[in-house]
Amino acid sequence: IKGIYLEKNVIASDGDYTIRAPRVYYDLKKNRALVLEAVLYAWNVRKQVPIYVRADTLMQKSRKLWTAKKSIFTTSEFAEPHVAIGADRITFEQKQAPNGEIINHIEAKDVTLRIDDTPILWGPGFSGEADRTPLRRAQIGYDSEHGLDVKTRWDLLALIGSPKIPEAN
């Protein structure tokens, strides 16, 4: 047997990742997978939040490394999240920190901040811990006097890819 092809409601998990998709091909010799119309789920232990990557095409490169094309990244389990980061390409990897903690690292290219299905901001890319995305908060409102009101809060160091500044004790 060279590979396995699964179709319909495919759900696979190794305890670190869970994948849902209608079609999956797994190459046994190369230990790689190709997943179409995929949802990749992982858990951020430090922040206690879920991480979802939805993609037209998801490829498993190794046990801890995935790449996604035409994808969105969010903490929302909804099929159409209200706020998400869209990207032409995302690389998602779980790494182990020196203290033993699992870190979800993400690298995204051609990034858009999306409210519902509408891109509202564009950026060339992002690289860093998945729980350290540059956008901290987004709020949209409307009032009859001022019209549309959009408020955002950003982590500028994460936006430029700079490491975190250690907190003072």
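A straight Cα-to-Cα reach below 18 Å connects K61 with the lysines K2, K29, K30, K69, K70, K95, K109, residues fewer than 8 places away in its own chain not being considered. Shown are D27, D116, whose ranking by accessible area with a 1.4 Å probe and every protein chain present, most to least, is D116, D27. Distance between the 7 Å Cα→Cβ label points at K95 and Y5: 3.7 nm. Derived scalar couplings between HN and Hα for the stretch 86-96 equal x, 8, 5, 8, 10, 10, 10, 9, 8, 10, 10 Hz in order, rounded to whole Hz, by the Karplus curve 6.51 cos²θ - 1.76 cosθ + 1.60 (θ = phi - 60°), x for Gly and Pro.
Here the simple spin-label model places points 7 Å from the Cα toward Cβ, and for R23 and D117 these points are separated by 2.1 nm.
The values are calculated or read from the model by the stated rules, or taken from the named source; none is laboratory data. Owing to the predicted nature of the structure, the values given are computational and were not obtained by experimental measurement. Counting neighbours? That spans all protein chains shown, and the Cβs are built from the backbone with ideal geometry, glycine included. SASA here: full protein model, heavy atoms, side chains in, ligands and nucleic acids out. Shrake-Rupley method; radii C 1.70, N 1.55, O 1.52, S 1.80 Å.
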